[in-house]
Amino acid sequence: MLAERTLAALGLYGHTGSPVADRRTIAIRELTGYDLLLTDDVEAATAFAGIALDDGLHCVLSADMVEGNLGERYAADGLTLLVGSGSVASIAASLASHEVARTDEVSSLTIAWTIPGKPLHRGVAVAFPDPVGARWGRLVGRSPDRVAVPVDGEWAGAAATVIGRIGADPVQRMVGVADHRGHLEGIALAAGALAVLDGGVGPGLHRPGEVPDAYLSAALRVGLGVAAYTQ
């Protein structure tokens, strides 16, 4: 977030640790004067979303969901609540949605992302850009197109493969990213905040995959590099 040129102030809500060496960053105990609350605290996500709503702020969470009717309340107040924005999976979903939108007729879709864990020796084959490379993954739930790929070490990746037609021409397009896990998760979270602040996400509850253009544009702005292959 500190790399964003338009950032005026970054308040660290309830921060008690060491100061951050940037004049725009200050420890705060109230949200007055701020536009958006951003947090990667999964356990307290619902509480933070409630605080942001009460103070009239947009909210971006790394958590996949919140409890209650917060989405409806945000919509009623003309505010945005973006969930699932701090994970590698959110990047994969956005890449997939972006590619699907470019394809007239989709016959096959695969969405894959890495998770920390012991690498598999069989399963669903997935190709990520180097240094993650080719890996084995497992289907998530009963979905035929979502694949979680256990990877040990510091690297992470996200990928999407779309097979179909553009007009009368068959096409197979693969897009993917690979980076240090902490950096990629930081990009994923910050991209959600910037997409909301840029006005690319409407009021109410949303996920990054529902607003791929706004989300990926923000992610590219803060350092995401995407590799693509078309056949």
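The values are calculated or read from the model by the stated rules, or taken from the named source; none is laboratory data. Here the structure is a predicted model, which means the values were calculated and not measured. So basically every Cβ, Gly included, is an ideal-geometry build from the backbone, and we count neighbours across all protein chains shown.
A few remarks follow.
- Test set (1) closer than 29 Å to D179 by Cα; (2) in a loop (DSSP other than H, G, I, E, B) - G68 fails condition number: (1)
- Screening T114 with (1) loosely packed, with under 12 Cβ neighbours inside 10 Å; (2) hydroxyl-bearing (S, T, Y); (3) assigned to a strand (DSSP E or B) gives one miss only, at (1).
- Any hit, region 83-101, residues being loosely packed, with under 13 Cβ neighbours inside 10 Å and either assigned to a loop (DSSP other than H, G, I, E, B) or in the same structural domain as W136 (by TED's automatic domain parsing) (or both): yes
- Scan of region 80-133 for residues that are of a type in the set (V, I, T) and farther than 21 Å from G153 by Cα, ordered by number: T80, V83, V100, T103, V106, T110, I111
- Taking first residues from region 179-201 that are at positive phi and of a type in the set (A, V, I, L, M, F, W, C) and partners that are modelled with pLDDT of 95 or more and not in a helix (DSSP H, G or I), no Cβ contact under 7 Å between residues at least 6 apart in sequence or on separate chains turns up.
- Just so you know, in region 215-231 the residues that are hydroxyl-bearing (S, T, Y) and assigned to a helix (DSSP H, G or I) include one that is surrounded by the fewest Cβ atoms within 10 Å (Cβ to Cβ), and it is S217.
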